[in-house]
Amino acid sequence: TPLWIVWVPLVVFGSMVGSFLNVCIYRLAREQSIVFPGSHCPFCRHPIVWFDNIPVLSFLLLRGRCRYCRRTIHWRYPVVELVTAASAVAVAVRFGLAAEAAVYFAFVCALIVVSFIDLEFQIIPDEISLGGLVVGILLCAAVPSLQGTPSRWLAMGQSVIGVLVGGGVLYLTGLLGDFIFRKESMGGGDIKLLAMAGSILGWKLVLLTFFIAPIFALIPGLLVLLLKRSHII
């Protein structure tokens, strides 16, 4: 079977999911329903017709502007669609077209939504972190191979341990940081997010995440410090 027969539908599917993630990013941060009303311009409120809602392509054809009010469409929209499409392919390459891949893709999608909301508003919605935590435990019960075991109950137990380790290690780090710096050093949203990650990854990989994350945060953290004189990462 030619590879394009698999990859093209994956890219299309991923970009369509990315379009929905854009809705989640915009509305969850503003505490709006992600279902109603339908897609519309945030400036003129005009409903967006289907041919103006094709991922990436519509943005290019409209030259990044609303068809009706001509206001600029945020750069985030095509970026999220492209990142989600690339993520769909990457997850499929790594895990194949299996149940585990579907779960990991959903996990990546949750992280994409969190990342772009956090970038703009410095918040992590509980709908993603706490809701994802519960869903993560249930998914491990449904797909126990996520935790490397055929037993659903054992997989659930390991998922719960992952939650406790992920949230616990960051909570203790925050307490230590509060003591050292004499002010809040760790947001509660971060603790809940790592707990959610633990529900999918398990305690070993979430501990690895805990140690790797600061390395990835180092360069953007230094840039923010130098350019904005801010310690918020």
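The values are calculated or read from the model by the stated rules, or taken from the named source; none is laboratory data. On a predicted model such as this, the values are computed, not experimentally measured, just so you know. A quick note on method: Cβ atoms are made from the backbone with ideal geometry, for glycine too, and the neighbour counts reach across all protein chains shown. Quick note on the areas: whole protein, heavy atoms, side chains included, nothing else; ligands and nucleic acids left out. Shrake-Rupley method; radii C 1.70, N 1.55, O 1.52, S 1.80 Å.
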Please pick out the residue among L119, L146, L138 that is crowded, with 20+ Cβ neighbours inside 10 Å and closer than 27 Å to C24 by Cβ.
L146
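Could you say which residue among E81, E127 is within 13 Å of the chain's Cα centre (by Cα) and over 20 Å from I191 (Cα atoms)?
Working: E127 fails: over 20 Å from I191 (Cα atoms).
Every option except E81 fails the conditions.
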Does I161 fit the bill of being open to solvent by 60 Å² or more (accessible area, probe 1.4 Å), out of contact with any Pro (no Cβ under 7 Å at 6 or more places or on another chain) and touching a residue at least 40 places away in the same chain (Cβ under 8 Å)?
yes
Residue identified as more than 19 Å from P125 (Cα to Cα) and either touching a His at 6+ places or on another chain (Cβ under 8 Å) or touching a residue at least 40 places away in the same chain (Cβ under 8 Å) (or both) among T72, T84:
T84
